[in-house]
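Notes to accompany the following structure.
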Amino acid sequence: MKAVLFDFSGTLARLEEHDGWFTGMGLDADGRAEVMDRMTHPTASVAHHAWAHRDLDARKHREAYLHVLTEAGLADVHAESLYRRCIDPAEWVLYPDTVPVLNDLRDRGIRTAVVSNIAWDIRTVLAPAGAHTDAVVLSFEAGVAKPDRQIFEVALDRLGVDAADAVMVGDSEENDGAAREVGCGFVLVDPLPIAQRPTGLRDGLRRAGMPL
């Protein structure tokens, strides 16, 4: 194996909410959980003109997610508040083994890339934490989003490796698992809360035959 591609949200990092986010919104625990699920696990069933292109344009991203949040019953001001937190680098937390795994791969001469469907620059989360990769391929910059095979091809080209020599690690069978279409291996990880997944990346790569 010469390269590992990683998804970002739910794979390398997670948006971890706090009770203070929901002050004055009138949501109980179930309501808060539903809102967070809508923000972090989007589905193709959202009926809004901006939804299909949300990860290719920052304005469409904001418009689409504000629609999702207001449809969940939030007032406009509260939807705006939660959306700002969603794209605030300070609100994202890396999984405990993100930096150690990236360092271990680098030490072994294995190249790495982040391949993410997103409309804001996640380098502002990764770099300050020391999570360095050889390439970062973001849908809003590349003009293409997973599961389109082109975004994986862009990442492989930047790394200078063949698909057969690479594995994709992600939390979505539909989006990240599409890397199989270009010939990559695939490792599925569970987007659990940070405290519940201390070694998810390392365990997944070991299952793929990479001793870390």
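Since every read-out is calculated from the coordinates, none of them should be taken as a lab result. It should be emphasised that the depicted structure is a prediction, and the values quoted were computed from it without experimental measurement. Here Cβ is always computed from backbone atoms with ideal geometry, including for glycine, and neighbour counts include all displayed protein chains.
Compared with the direct C-alpha span, the chain from Thr70 to Ala29 gains 13.0 nm at full extension, assuming 0.36 nm per residue. In the calculated pair-distance distribution of the chain, the portion above 26 angstrom amounts to 33 percent of the Cα-Cα pairs.
For the range 15-91, report the % of Cα-Cα distances exceeding 19 Å.
Tail fraction, whole percent: 30.
A convex hull fitted around the alpha carbon atoms of the range 96-212 yields 101 Å³ per residue.
The peptide list 113-122, 31-40, put in order of mean Cβ contacts within 10 Å with the highest first, becomes 113-122, 31-40.
Most simply put, the chain has about 15% antiparallel DSSP beta bridges, counting only bridges with both residues inside it.
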